[in-house]
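Data first, discussion second: the structure below is written as structure tokens.
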Amino acid sequence: MDVNAHFQASVKQTDAQPQTVLLSNALIPLADGGYQRADVLLQDGVIKKLAESNTLKAKEGENIRFFYSAHGFAPPPASACAGVQTLDCTERMLLPGFVNAHTHSVQQWTRGLIKPLPLELWVMQNIRHEPRGACGWHGSSSFSETPSAVLGLSALHCGLESLLSGCTTVLDHIMIRNLDDLAAVAQAYKALGVRAFLAPMLNDDAVMYQNYIPLVNDGEARNAHARNTGCACCGMGPEGAFRTQPGASDAKKTAAMLALWEAAVERFHDPANGIEIVIGPATAYSASEALLRGAAALRRKYNLCGHTHLLETRAQALMAKQFLPSGSAVRHLHETGFLQGRGTSCAHTIWLEDDEMALMAEAGASCVHNPLSNLRLGSGVMPLDKLLDKGVNVAMGCDGAASGDGQDILEAIKLATTLPCVLSAEYRRWPAARRAALTLAAKNGYQAVGMGGQAGEIVEGACADLTLWDLTALSLLPRTDPLSLLVLGSRTQAAGAGSALHSCWVRGRQVVADGSPCGVDVRQLRVALRALQPEFRDPSITDPATDASTAASEVEYRAAMGLDLEGKQEPTPHALKTYPKYRVLYDETLP
């Protein structure tokens, strides 16, 4: 099984350069409503000119030169205009590129596999069953023997799905073993041509999984009861006892993780060519204070973005109270310096208190809305309007494909448009599709990755990260509001239906043409994915009961979250009982 050969066969060797392209008579949606027709000139990787419809002509380039001169601009040289490619966009809608601001590409290998579980139990199954996991491709040796090209293939698959749904930028929070893993991921995104913000997802826990599960409030009393009765708790601690303290960090691992991040920056950070390294601790609970402070220092040293998971679940909100000195994950990130700085983004942010939202806004940090995975894992619903009202920048993400089971950003945008409708009876505040598309997914997405004001809008001088949609595709017919139909409708997949996405440019380079990606052999990628993981698997293999360690984690999780009241010995303190309202449909208080 030559994984690298499959990977290299799936990648096309392209050397795309910024093009000079005239998009004539394109339909462009306006953020405040309505549409305009315009001519758009792409040159030198940016939107060089916006003009009234049918006023720019590319014949011999002379009319473009005349327009520049007539409006007081220095015209480009005739040699530059001679190679202008003109596209008649009368039947096309032009959009700013979307940003998939939170994903985990390696989860492509486990999508559709994991049974319904909450995040804390789900994540263990995902790690166990991905190619490098304990149940991976090489059994117990999978972590050391699985080649890095596996991550290249999953990044290619993840990035391709994102691209074909309108994404020009992806932030990949990727768990790596070494720089070879990261090299394969970077190669995949370079082939696709999308901007890639690569965030090696690292932690410094001394023992794996110890800080994934909240502590049982009355753990000591339950342990004492078990000793007195001769019964076993079947927990995660020594001899099956319940843990009573958070797991320790490993100082040697802290140093190694900081060194790995810095080595990644030195080798791969290349913003001019579309690759940025992001400092990405897994969570505030699996990163020691020393690791977070070191991460913040690296960000300042190299002017890097930062990314982490934040208050995704009620269990994580409980862990913040149990594990962190301030009792607040947001405050903890702020106190360690990680929340501040260019392009800080935090995924999920469902269970924030009002004061934590205010601190996010004050720090200029972004929240990344991942509504599909939040529903799939039962995590809750982000208080979107409340965050926006408090001045927090909110972007969109698909999350990893094993929790959302795909990388179609339009599905996430659709949910971001429709979920608020069940949170308020005031229908006048219900959002239109264009808010989620143009503001959250595009403009705010680029703000979240430190490119605010540089991309995400169709304005002169902005980066030419753009998508062009075919208004004659079956999925965009009959003619109503095309942007609403793109977001709220479906993309029919049938011969003759037409591809909704016609073309895409990133940094002025064409990466999709006539509905097909320019840098990936899609047929060969399908061959590779089928050959490398040939057997079907049943979700029953991901039941926590199938392994002693995950079974113990489930026991402690159920006890901590009030799902196992039979063994309860002491009442839950009030401070650990209460959580923000309206994130879930059930009673959010812990029993």
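Relative protection proxy for 360-371, 485-496, from highest mean packing down: 360-371, 485-496 (other beta-carbon atoms within 10 angstrom). An ellipsoid equivalent to the chain, defined through the eigenvalues of its Cα gyration tensor, has semi-axes of 44, 26, 22 Å when rounded to whole angstrom and sorted largest first. Cross-link reach is defined here as a Cα-Cα straight distance under 22 Å, omitting same-chain residues fewer than 8 places apart; for LYS57 the lysines meeting it are LYS48, LYS49. For the stretch 214-257, treating each Cα as an identical point scatterer without solvent, what Debye log10 I(q)/I(0) comes out at q = 0.22, 0.25 1/Å? Results for the stretch 214-257 at q = 0.22, 0.25 Å⁻¹ read -0.70, -0.81.
Suppose R0 equals 22 Å; then what is the FRET efficiency for GLN36 and GLN493 from their Cβ-Cβ distance, rounded to the nearest 0.05? Here the calculated transfer efficiency is 0.10. Normalising the average separation of contacting C-alpha pairs (under 8 angstrom, six or more residues apart) by the number of residues puts the relative contact order of the chain at 19 percent.
Between helix 314-323 and the chain there is an angle of about 60 degrees, using the helix long axis and the longest principal axis of the Cα atoms. The convex hull of the Cα atoms of the stretch 433-509, projected and averaged over all directions, covers 5.8 nm². For the stretch 412-429, list residues with backbone N below 20 Å from a point placed 7 Å from the Cα of TYR582 toward its Cβ? Those under the cut-off are 415-429.
Sketch the reach of a paramagnetic label on LYS386 as a point 7 Å from Cα along Cα-to-Cβ, and name the residues of the stretch 545-579 whose backbone nitrogen lies under 15 Å away. Under cut-off, by backbone N: 578-579.
Rounded to the nearest angstrom and listed largest first, the equivalent-ellipsoid semi-axes of the stretch 505-588 from its Cα gyration tensor are 47, 24, 10. If the segment from VAL422 to ASP543 were pulled out straight at 0.36 nm per residue, it would be longer than the present Cα-Cα gap by 40.3 nm. Stokes-Einstein diffusion for the stretch 107-258 at 37 °C, viscosity 0.692 mPa s, with a Kirkwood radius from C-alpha pairs, works out to 183 µm²/s.
Between ALA513 and ASN4, the contour length at 0.36 nm per residue exceeds the alpha carbon distance by 180.6 nm. When all protein chains stay in place and ligands, DNA and RNA are ignored, the 1.4 Å accessible-area order of VAL194, VAL46, largest first, is VAL46, VAL194. Peptides 130-137, 174-181 ranked from most to least packed by the mean count of surrounding Cβ atoms within 10 Å: 130-137, 174-181.
Sort 230-239, 142-151 by packing, meaning the average of other beta carbons within 10 Å per residue, with the highest value first.
142-151, 230-239
Helix 548-560 and the longest principal axis of the C-alpha atoms of the chain enclose an angle of approximately 90°. The average projected area of the stretch 127-176, computed from the convex hull of its Cα atoms over all directions, is 3.6 nm².
D by Stokes-Einstein for the stretch 504-547, Kirkwood Rh over Cα pairs, 20 °C, 1.002 mPa s: 155 µm²/s. Estimated at 0.36 nm per residue, the fully extended path between LYS301 and LYS253 surpasses their Cα-Cα distance by 15.2 nm. With the largest listed first and rounded to whole Å, the semi-axes of the equivalent ellipsoid of the stretch 309-388 from the Cα gyration tensor are 19, 16, 10. Put simply, the Cα atoms of the stretch 332-376 extend 32, 22, 15 Å along their principal axes, the longest span coming first.
Determine the sum of side-chain charges near ALA559: Lys and Arg each +1, Asp and Glu each -1, restricted to other residues whose C-beta is under 12 angstrom from that of ALA559. Every neighbour counted, the sum reads -2. Once the Cα atoms are used to define both axes, helix 251-268 deviates from the longest principal axis of the chain by about 10 degrees. The HIS225 and ASP44 beta-carbon pair, evaluated with R₀ = 56 Å, returns a calculated FRET efficiency of approximately 0.20.
How many times 2.2 N^0.38 Å is the alpha carbon radius of gyration of the stretch 389-482?
1.21
Normalised by residue count, the stretch 190-320 yields a Cα convex hull volume of 127 Å³ per residue. Over the stretch 356-438, the fraction of Cα-Cα pairs per 5 Å bin, rounded to whole percents and listed from the shortest bin up, is 3, 15, 24, 24, 20, 11, 2, 0. Calculated FRET efficiency, GLU91 to GLU362, Cβ-Cβ distance, R0 = 60 Å: about 0.85 to the nearest 0.05. Listed by chain and number, the aspartates and glutamates whose alpha-carbon sits under 16 Å from that of LYS581, ignoring those within fewer than 8 places in the same chain, are GLU312, GLU353, ASP354, ASP355, GLU356, ASP385. The value given for the stretch 442-591 is a Kirkwood hydrodynamic radius of 21.6 Å, derived from the mean inverse Cα-Cα separation.
Could you pull out every one of the lysines with an alpha carbon less than 21 Å from that of LYS12, ignoring same-chain neighbours closer than 8 positions? Excluding near neighbours in sequence, the set is LYS190.
The values are calculated or read from the model by the stated rules, or taken from the named source; none is laboratory data. Everything numeric in this text was worked out from a predicted model, so none of it was measured. Cβ coordinates were reconstructed from backbone atoms using ideal geometry, including for glycine residues, and neighbour counts include every protein chain displayed. Surface accessibility is based on the protein's heavy atoms, side chains included, excluding ligands, DNA and RNA. Shrake-Rupley method; radii C 1.70, N 1.55, O 1.52, S 1.80 Å.
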